[in-house]
Structure formats: C-alpha cells, structure tokens
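Report on the following structure.
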Amino acid sequence: MKSRSHALGWLKTHSWYCQPIDYSNRPMALQIAGTVHMYVVLKFIDLVDTIFFVLRKKFNQVSFLHVYHHAIMSLGSWFCMKILPGGHAVFLGYLNSWVHVFMYTYYFITSMWPEYKKNIWWKKHITQLQMFQFFLIFVHGLIPFFIECEYPRSMAFILSTQAFVVFSLFFNFYVKTYMKAKTN
C-alpha cells in the first residue's frame, strides 16, 4: 500500500523547489486540496487546545507566541485552503506535520510518564526543530521571487514574512528558556 504522501506525488512528482497551484478537477489536484483541508482541521484543533488552556486557567502555558502561532496558522491555513489549495505553500504543511509528530510524541511521553518531563533531553531540540522548520519555510517561501514559479508573489511574501515572525518568536522563547537558564 502506498503512503498518502507517495500517492499524492510529494515524494515523486511534486516539485519541492517550485510547485504551481493546480486549480483543475484532476484527481491529484482534488486529493491535494482534500489533504490541505485535513491540515486546516488539525490547525483549528491546535487552536482549540489554546482555548482549553485558557478555560482551565493554565495561563502559564498561554504565551503570546502560543496564541499568535496557533491563531495565524489556523487563519492562514484556512485562507490558503480557500484561495490556494495546493502549490508552493504545501511545503509548510508537510514540514509542519512532521514537526508535530515529534512534538506530540514528546507530549505523549511526558503525559503518560510525568517523571520523564525533567529528564527528557530532547525538549529543547523540539524548539530547535521548530525554529529550523520556520527558517526553511522562510527560505522556501522566497523562491518565487527568484525564479518564475507560477505562484503568487504576494502570497510568497506573506508566507515568508509570517515564517520570519514566528521564527523570531520561537528564537526569543529559546533564548529565554534555554540560554538564559544556563547563565543563571
């Protein structure tokens, strides 16, 4: 059985360098649009997670980074689903989904076995992975400015700008959490 990513061509026919948007009714285009729709649902579930933190009065888990990131990912992915249901920006969703696999694995381990929360060595590496992800999204988003990509440069600008903003917020969090903790 082929994996969904292989079936959608992401490991075969999809161009990671420059992928135009396919607005046709071809089965591949519709499958990619359907996958983008599932990604949007996941982003709204992430946003609901933030709402539960607030309702449970877990304000220590609700930072500006957390709220901004989940709000912008929910609204941005919904907008892309409606206007650009595929193409160059799919890279963001694909990469972000893999990062979430690592992140939710960490959450699962520490919720099932709380004693590992202080001893798990890869917590800071997840933040590094998130920063690396947004750096790659920033760079990847700039590609339509340097080659003819048949992808709207205005959307590439928004994508890159948001990736830079979120990278900066994660970097600030990383410095405050891991670097300043070393010096104190």
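Quick look at the numbers
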read-out	value
0 to 90° range, to nearest 10: angle between helix 153-174 axis and the chain longest Cα axis	10
Region 56-105: C-alpha gyration tensor shape, a/c 1.5 cut-off, then a/b vs b/c	oblate
Helix axis angle, 64-83 relative to the chain longest principal axis, alpha carbon, degrees	10
Cysteines without a disulfide-compatible partner [the chain; Cβ-Cβ under 4.7 Å]	CYS80
Estimated dipole of the chain in Debye, rounded to 20 [Cβ of Lys and Arg +1, of Asp and Glu -1, Cα centre]	680
For the chain, alpha-carbon Rg relative to the globular expectation (2.2 N^0.38 Å, N residues)	1.11
Overall form of region 89-138 per C-alpha gyration tensor (a/c, 1.5; a/b vs b/c)	oblate
For region 58-146, alpha-carbon Rg and Dmax in angstrom	15.5, 50
Selection from PHE102, TYR68, TRP113, by position along the positive dipole direction of the chain (Cβ)	TRP113
Between 0 and 90°, nearest 10: helix 90-112 axis offset from the chain longest Cα axis	30
Positive minus negative residues near SER74 (Lys, Arg vs Asp, Glu; Cβ under 10 Å)	0
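All of the numbers you see were taken from the coordinates with simple rules; none came from a lab. If you're wondering where the values come from, they're calculated on a predicted model, not measured in any experiment. Cβ coordinates were reconstructed from backbone atoms using ideal geometry, including for glycine residues, and neighbour counts include every protein chain displayed.
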